[in-house]
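Here, each number is a calculation from the coordinates, and none is a lab measurement. It should be emphasised that the depicted structure is a prediction, and the values quoted were computed from it without experimental measurement. When we count neighbours, we look across all protein chains shown, and the Cβ atoms used for this are built from the backbone with ideal geometry, even at glycine.
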């Protein structure tokens with residue numbers, strides 16, 4: 001019964017924010033698929049707002065209670081079993097890897113995902129360094145990647161976040 005109530009609460013919360021989320025600008029989305037040896041899956045949406053891009057994710061089968069690096073990567077290619085075909089972090093301005101609160105960082109550096117006790121994560125993060133509309137900072141045609149470990153936000157070039165456990169191609173929504 002507790003599980004049903006939690007699902008109802010998540011659905012209700014999602015519907016409550018739905019009209020605001022959908023009334024914004026251009027949208028894109030990605031279906032996360034597990035890398036080899038992983039069972040992680042989920043979905044990510046990107047909506048352009050007046051302040052940048054609102055990133056929302058719903059991810060399942062993570063390590064319970066874990067923290068995971070979460071980044072936009074430069075190439076829209078998740079074809080390799082280890083996610084390495086997605087390339088490095090999306091970095092159109094040639095900045096160093098850094099904490100997501102700093103403006104002098106990779107555009108693809110996002111806040112870490114935090115899994116609950118059942119290995120699920122819901123995520124909302126807004127960044128001024130990305131766009132959905134065409135342009136040098138557009139996420140469309142790139143990949144979103146989850147790493148096995150947390151991003152330490154300091155190690156170069158990628159925060160020491162470890163292997164890639166899920167990858168999804170970001171596509172513009174019609």
Protection-proxy order for peptides 67-78, 118-129, 91-102, each taking the mean of Cβ atoms within 10 Å per residue, highest first
67-78, 118-129, 91-102
Segment residue 51-residue 82, extension gain: residue separation times 0.36 nm, minus the distance between their alpha carbons:
7.8 nm
Starting from the coordinates of the alpha-carbon atoms of the chain, obtain the Kirkwood hydrodynamic radius over all distinct pairs and give the value in Å to one decimal.
16.1 Å
When only Cα pairs under 8 Å and 6 or more residues apart are kept, what is the percent relative contact order across the range 26-172?
33 percent
